[in-house]
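Okay, structure first, notes after.
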Amino acid sequence: MMRPLRILSIGAGAIGTYIGGSLSAERNHVVFLERPETAQRIKALNLTLPGRRLTISDPVFATSIEEALVQGPFDIALFALKSFDTDDALNGMEQFANRLPPFLCLQNGIENEAKIANLIGEENVIPATVTSAIGKTGPGEVVLEKFRGIGISSQHPLSSQLQQAFNQANLNVQLYDQSAAMKWSKMLTNLVSNATSAILLSPPGEVFSHPGLFGIEIAQLRETLKVMKAYEIPVVDLPGTPVRLLAYAVKFIPKMISRPLLKKAVIGGRGDKMPSFYIDMQAGRPQSEVEFLNGAVVRYGDRVNIPTPANNFLTQTLLGMVRGEIPKDRYAKNPEKLLNDFYNN
């Protein structure tokens, strides 16, 4: 029987609580690094899973990286912060770099692993992605909204051990030989009706019901696929997520046929839940992950001279709204105004 893992969860957000809590329930030792005010409020972790509720009483918290490392050494650190929090988090750990364990990078986007590698070395970074949908309902309270799984790079000595431990905790891990393909394929799914919904203050179903808005959706995805092709990054299916079918529909199926099919798939996966960009903006966050998703497509496209006007428009528009440069209600429930600005940008 495999020995329990010693795990540092950097943050007790939705993903950290879900994965860290699930692993803790299987007798792995998990320490959660959180802000003092947040740690003080969490007396137990409660995970609402299909058909059952999992409670972790008296979870172990540390309120500084120094305090956390005293409770080590750790086999692995779970790193699942928002991409716009990466730089600050890593800067706060710089003086402890030689004491940090390998990082399992569960973040959205395709640029975080390189930043972590600058701190602890490329050999100590394990790319990963989460396809299960997890909602946070309060401090230490999460709901598994859609069970799919987790992808982890196979190219690390710990990969097989992590797969075994995670699967014992019913997390459904699959290993991937090409981490870039895994991360880009996840980003492709993250783009679907995310920025457009946030900008319009409209749920994904309404976006996909409008032929013009669907045209923007297809444009941003086609640009992303062109950039991936230029870098020779294949599209791969992810746990519970047929990404190759999405890519095929985007590239080859006429819009009048693909729109109802993709609308059904999006609503089936998300329901009427608003996407993450919208949630962050309405919470008053001064930053948005659009800069690290659509914006990353723009940056990578620029390097190989591939135009990405749809991704650029969505990035700059949503960032303008988040930063207060564009009124948040400028395009509220007004697709024609958005389309006019998009095509005349």
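The values are calculated or read from the model by the stated rules, or taken from the named source; none is laboratory data. Remember, predicted model here, so these are calculated numbers, not experimental data. Ideal geometry is used to build each Cβ from the backbone, glycine not excepted, and the neighbour counts take in all protein chains shown. Protein only, heavy atoms only, side chains kept; ligands, DNA and RNA dropped before computing areas. Shrake-Rupley method; radii C 1.70, N 1.55, O 1.52, S 1.80 Å.
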With both partners inside segment 82-229, how many of the DSSP beta bridges are antiparallel, as a percent to the nearest 5? 55 percent
Going Cα to Cα from LYS82, which lysines come in below 22 Å? Please leave out same-chain ones fewer than 8 positions away. LYS115, LYS136, LYS146, LYS183, LYS186, LYS273, LYS328
Cα radius of gyration and Dmax for segment 32-167 (Å): 15.4, 44
From phi via Karplus (6.51, -1.76, 1.60), per-residue ³J(HN,Hα) for segment 54-64 in Hz, x at Gly/Pro: 10, 10, 10, 7, 6, x, 8, 10, 10, 10, 8
For segment 104-187 the translational diffusion coefficient, Stokes-Einstein from a Kirkwood Rh over Cα pairs at 37 °C and viscosity 0.692 mPa s, in µm²/s, is roughly 243 µm²/s
Normalised per residue, the volume inside the convex hull of the alpha-carbon atoms of segment 201-326 in Å³ amounts to 116 Å³
If N is the residue count of the chain, its Cα Rg over 2.2 N^0.38 Å rounds to 0.99
Give me, ordered by chain and number, the residues 5 or more places off GLU145 or on other chains with an amide H under 5 Å from its own placed amide H. ALA133, ILE134, GLY135
Enter the angle in degrees (range 0 to 90, nearest 10) between the Cα long axis of helix 309-322 and the first principal axis of the Cα atoms of the chain, meaning the one along which they spread out most. 60 degrees
Obtain the nm distance between the two label points defined at ARG323 and ASP341 by a simple spin-label model: each point lies 7 Å from its Cα along the Cα-to-C-beta direction. 1.4 nm
Selection from ALA198, GLY284, GLY301 lying farthest towards where the dipole of the chain points positive, charges on Cβ: ALA198
Which value, in debye to the nearest 20, describes the size of the charge dipole of the chain about its Cα centre when Lys and Arg Cβ atoms bear +1, Asp and Glu Cβ atoms bear -1, and nothing else is charged? 1120 debye
Working from Cα positions, state the angle (0 to 90°, nearest 10) between the long axis of helix 243-252 and the longest principal axis of the chain. 10 degrees
Amide H partners (placed H, <5 Å) of ILE150, local residues excluded: THR131, VAL173, GLN174
Extent of segment 263-315 along each principal axis, from alpha carbon coordinates, in Å, largest to smallest? 37, 31, 13
Mind ordering 23-32, 56-65, 274-283 by average Cβ neighbours within 10 Å, highest first? 23-32, 274-283, 56-65
Work out the FRET efficiency for SER209 and HIS29 from their Cβ-Cβ distance, taking R0 = 56 Å, and round it to the nearest 0.05. 0.70
Taking Rh as the Kirkwood radius, which is the inverse of the mean 1/r over Cα pairs, what is the Rg/Rh value for segment 42-97? 1.05
Relative contact order for the chain, counting Cα pairs under 8 Å that sit 6 or more residues apart, in percent: 15 percent
accessible surface per residue for segment 289-339, probe 1.4 Å, DNA/RNA/ligands not counted, whole Å² -> 45 Å²
Bounding extents of segment 114-252 in its principal axis frame from Cα atoms, largest first in Å, are 48, 41, 29
Residues of segment 1-155: accessible area per residue with a 1.4 Å probe, Å²: 43 Å²
Order by accessible surface, 1.4 Å probe, largest leading, for residues ARG3, ARG299 comes to ARG3, ARG299
With Rg and the Kirkwood Rh both taken from Cα atoms, where does Rg over Rh land for segment 304-345? 1.02
Between segment 77-122 and segment 125-192, what is the C-alpha centre distance in whole Å? 16 Å
In degrees, nearest ten, helix 14-25 long axis to first principal axis of the chain (Cα): 30 degrees
Got a number for carbon plus sulfur as a percent of segment 78-207's accessible area, 1.4 Å probe? 42 percent
What number, rounded to the nearest 500 deg cm²/dmol, is the helix-based mean residue ellipticity at 222 nm of the chain, given -39500 (n - 2.57) per DSSP H run of at least four residues and division by all its residues? -13500 deg cm²/dmol
Of the peptides 321-329, 238-246, how do they stack up when ordered by the mean number of other Cβ atoms within 10 Å, highest first? 238-246, 321-329
In segment 57-191, with Lys and Arg counted as +1 and Asp and Glu as -1 at Cβ, which of these residues, PRO102, LEU175, VAL60, has the Cα nearest the positive end of the dipole, that is, farthest along it? LEU175
